[in-house]
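Nothing in this text is a laboratory measurement; each read-out follows from the coordinates by a stated rule. Note that the structure is a prediction, hence the values are computed from the model and not measured. Quick reminder, even Gly has a Cβ in these numbers, built from the backbone with ideal geometry, and neighbours come from all protein chains shown.
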């Protein structure tokens, strides 16, 4: 599938949303999947930033590859036998919100909170993905169930994504400012979402 | 009878605190109460029967999950021929007339089974006598059965209630004249019966320590020194007093060494709710002074203990000549083992409510030892013990922690200061950081095998912070009761044997935790025996039986100070036939079965608290060194069993407790401060980690032994031995953490 | 502030909305069946239902409860007749009993959604509830018994 076709498919599938959290992301009118100055090289450079953020523990821990959430800066397996469950919000009796409430507490070992607390669907795992794999995954609407516009809105507006920059005590926030990350994401999309070569860092 | 504070403490040091429980009781105290016949007949301290037939039996031991609060009254009811369904169980406050109430050392049945039988039989005799007198027939023709006395010849019956007026006028029979029921007539003992509290617990209506409410009561948290013995220098409560609900702060005096069960001292935050008290304490700014324990580091201390056991110590027991034995051995080997500090972590943290008035102090607490609570509060307040009443609530777990009533003294001191009832609540952080810890220990073993693969030489040394340090400041020498717990009673038949103890100081409060020193002594000895089996190329279970030798009573040799859990060896010998028996049974049911790759079986056996336990643990170790325990089999012979279902429950619980300490438990200390603070860093087993459990009780007529603790000691070594069988790694330090597989 | 607890609307004035629900239940409402064990959602002793979902009341600020219905152990059944409560008594699950209110509330939430849970369902639903007495084998057996509806 060419990149253009992928982009079209992404737009077409835009309604099949399984977003990270409510409220549903709103499309960003600034994002147009067209070439920008610099083209693919600038897009790839922007993707470096995107990749660093998405694989940071604050993002990756709730985008795990397996059926267990991860936690803390060392991305250890979540304590208490907590599992993904069929709707990515925990299993019966041990839902995410059994412990995680709407806001953080002031101690690192109390469950942090946000108005919505959940895992990303397994198809959107960041854990263990190379830059190429992650770029391909983000470009595949069958996996993301989002258009690029919706992805941009997700990283820009979503409250649980935003928690990554205000995770409370004992957790490192995402080291890149959210605006910078969103700008990089947009730049990557605007450059027609170039895919890094195999073996690139 | 009365126990003075001085006498009480001497008892702790001499006989051993946890095993203090030899009944301080003289003959059964029985008295016929004078008064109008409409009132209940107070047949004994433990027993009252009302004219309507309602039987009230006092539970004088504390309920922390063993079922003892139902068990001892059921023994009495059985002997009385009372219907348990018409029995009300009443919890006794602290009262020295009951003898020891220190619910500790797995000795409630051991020490009070006979007493309960005698109380029940005495009252039964008097009811039969009352019926005989009423009917004008010989007492020999009257038999109590099912809550009534019957005269077969005339087919007459009178309910217990109808007999109390007459019974109350009679003289109690001599103890020697009592006829105890033969086993064939037992109704409850050995058969099983539900516990009194099961239904109220399931409805959420049971009263635990922090559930007691008094009008006008205040909720209290206490800021305590992070390092044992650090004095309070100053504090600033400005921000604390701004927290809504916080009413005042109270300075509590520090303790004077030895710390005993005294309140630690500090700054108490008094509030109108628990949450306000917790929040208020977080805002408190406290400066603590220097302590001699500032330099305590548990990692460095472990090395210090290992150094201690590399030098000769005090010889506790000796046979033959270990040096000659080793010299003549075909194969020699040595190993060192360590175990860390442990916290009790009962699900209910310590808490107590006290109300001090002109009349004295009344307290409500989840305490294993209400008389010690009376003593401690009396000493703290400068009151005579008689003016201190301690009511015992249900305990949300004890495991030894709640036999030390420091938290009750805190509540009393705060109540006196504020002139209102004060409920002191410990958070989990308080609990883990201010415990009476299970001591850290190191052991060194040196062994020798002959050509035939038999043990011919065994030397062991242990060093650990002694419990005596809690009662005598600076003590580095354990008491005989500490050695008794798995060291001096080493059961193996080795011709050349030496057991030594090496001194060690303490830098935190040391106490006793479920099965106490048995935990490290048996971890070391049973692991080393397994190492010997492998050195001999023998099957570990066969080697264990061979090393126990012929069925016989263990001879400790002359000069060994062995308190035998406060019972005469003549009544409660160390019976190696019974120990062999449980090994053979567990071997038959669990040993040598087919296992998946990466799984292994380990075995260990030990006698403690007059009970004989053998366990086979299955371990599974994966490539990352993660341990899973799919199944545990345990066989126990504790003599006469009163309530089999509760004994099974204790064994199930002991297995889980043993696995928690084997795989997770470790308190570490840096610069005198405990590092761990809550269950995220002091883990205990959870349901998804818990094994399939099979418990077998051996039927026995032997005198009843303890049930609460003896299941614990074999678990950790059986698991370590299973891990060796599973992956070839010999782990000699608790908690057990295999290395990931290389390559 | 209004709270619906065990079907009853309670008017609780002057409450700091940050106060964990646990302490409101215990100290303000007087429902002491819900227990404190850790204060950080590690042990599950404080488990209640919020709109039917097992929730650790020690980390739920009362201000976040809103209109949702709170059920505590006292409200699980009017008379201790919930099948789990009966199974708990029949099998002698409790030892000290302190954690059991939380265990029962978690188990009730499980059975409500999965009437015939597997061992794996039980492990997933109950792993947040610690029992230091080690009653896990009987908790598992009692859940299965309650699910079977008979002995």
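Below are the figures for this structure:
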| read-out | value |
| --- | --- |
| Cα centroid separation, the range B:303-361 to the range B:441-457 (Å) | 20 |
| For chain C: relative contact order, % (alpha-carbon pairs under 8 angstrom, 6 or more apart) | 24 |
| Helix-only CD estimate at 222 nm, as mean residue ellipticity for chain C, using -39500 (n - 2.57) per DSSP H run (n ≥ 4) | -8500 deg cm²/dmol |
| Sites residue A:142 and residue B:238 - FRET efficiency at Förster radius 56 Å, r taken between beta-carbons, to 0.05 | 0.40 |
| The range C:60-91 residues near the modelled residue C:9 label - backbone nitrogen below 16 Å, point 7 Å along Cα→Cβ | C:66-70 |
| Anisotropy class of chain B from Cα gyration tensor, a/c 1.5 cut | oblate |
| Simple spin-label estimate for residue A:52 and residue A:130 in nanometres, 7 Å along Cα-Cβ | 2.1 |
| Within the range B:448-471, backbone nitrogen closer than 15 Å to the virtual label 7 Å beyond the Cα of residue B:542 toward Cβ | B:452-455 |
| Part-to-part distance (alpha-carbon centres) for the range A:77-143 and the range C:90-131, which is given in Å | 24 |
| Residues in the range B:418-451 that a label on residue B:476 would reach, taking backbone N under 20 Å of a point 7 Å out along Cα→Cβ | B:439-444 |
| Rounded to 5, the percent of DSSP beta bridges in chain B classed as antiparallel | 75 |
| Segment residue C:112-residue C:141, length gained on full extension (0.36 nm per residue, minus Cα span) | 8.7 nm |
| Cα gyration tensor shape of the range B:180-265, rounded if a/c is under 1.5, else prolate or oblate by comparing a/b with b/c | oblate |
| Prolate/oblate/rounded label for the range B:568-661 (Cα gyration tensor, a/c 1.5) | prolate |
| Sites residue B:97 and residue C:51, calculated FRET efficiency, Cβ-Cβ separation with R0 60 Å, nearest 0.05 | 0.65 |
| Using a Förster distance of 51 Å, the FRET efficiency for residue B:285-residue B:334 (Cβ separation, nearest 0.05) | 0.45 |
| Least to most buried among B:562, B:437 (fewest other Cβ within 10 Å first) | B:562, B:437 |
| Approximate spin-label separation residue A:73-residue B:114, in nm, with each point projected 7 Å along Cα-to-Cβ | 6.4 |
| Gap separating the Cα centres of the range B:225-278 and the range B:58-115, nearest whole Å | 37 |
| Neighbouring partner chain Cβ atoms per residue of B:602-615, average, 10 Å criterion | 0 |
| For peptides B:686-692, B:715-721, B:460-466, B:412-418, sequence by mean Cβ density within 10 Å, most packed first | B:715-721, B:460-466, B:412-418, B:686-692 |
| Shielding score for A:85-92, defined as the mean number of other chain Cβ atoms within 10 Å | 3 |
| Cβ neighbours within 10 Å from other chains - mean over A:78-84 | 6 |
| Sorted by Cβ neighbour density within 10 Å, fewest at the top, the residues B:60, B:664, B:434 | B:664, B:434, B:60 |
| Antiparallel bridge percentage (DSSP; both residues within the range B:401-510; nearest 5) | 55 |
| Neighbour-count ranking [beta-carbon atoms within 10 angstrom, fewest first] of B:46, B:186, B:288 | B:186, B:288, B:46 |
| CD proxy at 222 nm, helix term only [per DSSP H run n ≥ 4: -39500 (n - 2.57); per residue of chain B; nearest 500] | -8500 deg cm²/dmol |
